[in-house]
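The values are calculated or read from the model by the stated rules, or taken from the named source; none is laboratory data. Treat the numbers as computed from the prediction; the structure is a model and nothing was measured. Accessible surface is based on the protein model in full, side chains and every heavy atom, while ligands, DNA and RNA are left aside. Shrake-Rupley method; radii C 1.70, N 1.55, O 1.52, S 1.80 Å.
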Amino acid sequence: MPELPEVETVKRAIASIASGKKITDIFVGRKNLRWPIPTSLNKTLKGVICKQPQRRGKYILIPLSTKQILLIHLGMSGAFRIYKSRPNFQKHDHIAIGFESEEWLVFSDPRRFGCVDLFKEEYVLSHWLLKNLGPEPLSQEFTPDYIITKTASKTCSIKTFLLDQRNIAGIGNIYASEALFRAGISPKRQARTLKKKRAEKLVDSIKVILLKAIDAGGTSLRDYIQPGGEIGYFIQSLQVYGRSGEPCLDCGSIIKELKQSGRTTFYCSLCQR
Ligand SMILES: [Zn+2]
């Protein structure tokens, strides 16, 4: 499932063909994804100019010249492809946008957990999917003090805390596991027991891991921006995620896995306390 770095990579790819460009054609292949696709999409978007795409958590926001915002979430399996001319649409291609440049941006999503919405830009802060999101982890708002204050009243584990989008926006299972490993913090630790030093370590680890992954995405993006190339996923160099039963790259003991709030966590019980 795409997390902040993957969404950031997709956003940059979309920017490369949509920013400042006029939409001349739209294809909507079905009525709903996770939620209904706005019926106005077909009529509204033709002739509209896309502005610089933004990202908020795992959401891509494309501001339009009509003072509206096109919102996209990749869900579990959503991905974009870019074409130099109108392609033949495939089974899971649900939405496609054609530009004046004749390029096409195609959104496919086999599992249909993704979503698309169109709303007036004045509602960006109050939109139901966006209004409860916590701070961006790469922003200056996200500090050790923020973590300490926010966890004070919580009874959950630190891993569960990190996954809750109301606490921090954009982190999912992969990067939560990786950041906790880098910070040497057990995923089972009660969130509220984090003191200043560990909170500092955690904030630093989250920022470093996300930035590294964004860099890796930027590198792989060069290969993806080609006709029909899929943008949405790239291979990360992961230290613990998906490595249960393999040796810890730091200490050599065996990486373990456990279920927390229905999600699998990977960790080293020696390195993480
Ligand atoms: Zn270890």
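Taking Cα pairs under 8 Å and at least six residues apart, what relative contact order does the chain come out at, in percent? Mind showing how you got there, number by number?
Details: 542 pairs, mean separation 53.3, N = 273.
Relative contact order comes out at 20 percent.
Put Arg81, Arg111 in order of accessible area, largest first, 1.4 Å probe: what do you get?
Sorted descending by solvent-accessible area, the residues read Arg111, Arg81.
Where the accessible area of the chain is counted over protein heavy atoms with a 1.4 Å probe, how much of it, in %, is carbon and sulfur? Intermediate results must be reported in sequence, preceding the final value.
Values: 6570 of 12980 Å².
Taking all protein chains in place, the chain shows 51 percent carbon and sulfur surface.
With a 1.4 Å probe and all protein chains kept in place, how do Lys91, Lys150 rank by accessible area, largest first?
On the way: Lys91 175, Lys150 70 Å².
The most accessible residue leads, giving Lys91, Lys150.
Using the heavy atoms of the protein chains and a 1.4 angstrom probe, tell me the accessible area per residue for the chain in square angstrom.
48 Å²
Working from the alpha-carbon coordinates of the chain, get Rg over Rh, Rh being the Kirkwood radius.
Ratio of gyration radius to Kirkwood radius: 1.01.
Using a 1.4 angstrom probe with every protein chain in place, what is the largest-first accessible-area order of Trp128, Trp104, Trp35?
Descending accessible area places them as Trp128, Trp35, Trp104.
With helices defined as uninterrupted DSSP H runs, which ones in the chain have an alpha carbon span along their own long axis of at least 24 Å and mean Kyte-Doolittle hydropathy of at least -1.0?
196-224
Per DSSP H run of n ≥ 4, the term is -39500 (n - 2.57); total these for the chain, divide by its residue number, and report the mean residue ellipticity at 222 nm rounded to 500 deg cm²/dmol.
Per the formula, -8500 deg cm²/dmol.
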